[in-house]
Amino acid sequence: MPSTTPTTSVLKPGNTAVITGGASGIGLALTKKCVAAGMKVLVVDYNPATLRKLSEDKELGGGGGAVSTVEADVSKVEDWKRIQGTVEKDFGGQINLLALNAGMQQKTSFDDADPAGFRAIMETNLFGVMNGITTLLPLVKAGAKKQQPGPSGETTTTTTTAAIVITGSKQGITNPPGNPAYNASKAAVKALAEHLSFDLARDAPSVAVHLLVPGWTWTGLTGAAGGGQKNEGAWLPEQVVDFLLSKMDEGQFWVLCPDNEVTEAMDRKRMLWSAGDAVNGRKPLSRWREEYKGEVAEWMAKEH
């Protein structure tokens, strides 16, 4: 059963957060929430311009928390060693919230003979998460163990003292055609997050794991960086973070965000259909194939 202790209890004065991709989009919205809660936040980002803009953001001054930054490439193990050193020096090695949010997206095709695009996406989206886990998980576990209350002689619900949020993608679950490298990277991230949740339930039950799966969100990856007008169907990053925190309070691993066009119910139906390709022996990616168009429409119209 999920813990009944609110995970967002980690958002409180004196606690610390490490947020990758924290200088823009969803990461920035989460950074602001943490600072408003009085936390010390280490923002990791590869873009010096967004880091500089973050340091000039006046909204971050009134929450009682504090922000420091590290310019780093999450795909590089040596950069993670620098991040680890900063956490140990400035935070005393304490991490109450680790948000592995950095990612990249670019179109890839099997017609391209150069695999560099595939490799770049995998190194950032997949190994950026893996590097963060292998480097900082020992600190997260050690800190959570120190903060655990001693045994009272009674059976009690495990108290959450730390949380790990990993940003996935619906494309890593429903696998829409058109961007195989990105979809594969996020599918692998989903598998890592599931295994991490399972392992920590046994080894460090006070550390909660959450897979954040945003819907259509207006960020730099979806056009916001170009200064265009937000599409009405997209959520703002702040809405995504509010939804994330509500699901963390519920003890939910799965944070399947809707948007202004797609409901949670629609997402569930799409995911069930995708899983049914293997179970029912359909052709892969059947949801987008013409011969299944009518069957898909009927499926989506049914109550499940």
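A few remarks follow.
- Selection status of Lys107, more than 22 Å from Ser169 (Cβ to Cβ) and among the charged types (D, E, K, R): no
- Across the range 149-176, the number of residues qualifying as surrounded by fewer than 18 Cβ atoms within 10 Å (Cβ to Cβ) and at pLDDT below 95 comes to 11.
- The strands (runs of 3 or more DSSP E) falling completely within the range 37-123 that include 3 or more residues that are within 16 Å of Ser24 (Cβ to Cβ) map to 40-45, 66-71.
- Hey, Gln105 surrounded by 15 or more Cβ atoms within 10 Å (Cβ to Cβ) and closer than 22 Å to Val207 by Cα or not: no
- Contact annotation: residue pairs with Cβ atoms under 7 Å, 6 or more positions apart or on different chains, pairing a residue in the range 278-302 that is under 20 Å from Ala265 (Cα atoms) with a partner that is outside any loop (DSSP other than H, G, I, E, B) and aliphatic (A, V, I, L, M), are Arg287/Val296.
- Test: residue in the range 27-35 that is without any contact (Cβ under 8 Å) to a residue 24 or more places away in the chain and over 29 Å from Asp199 (Cβ atoms): no
- Entirely in the range 193-304, the helices (runs of 4 or more DSSP H) that have 2 or more residues that are outside the structural domain of Thr160 (by TED's automatic domain parsing): 264-280, 293-301
The values are calculated or read from the model by the stated rules, or taken from the named source; none is laboratory data. Please read all numbers here as calculations on a predicted model, not as lab measurements. Glycine also receives a Cβ, built like all others from the backbone with ideal geometry; neighbour counts cover every protein chain displayed.
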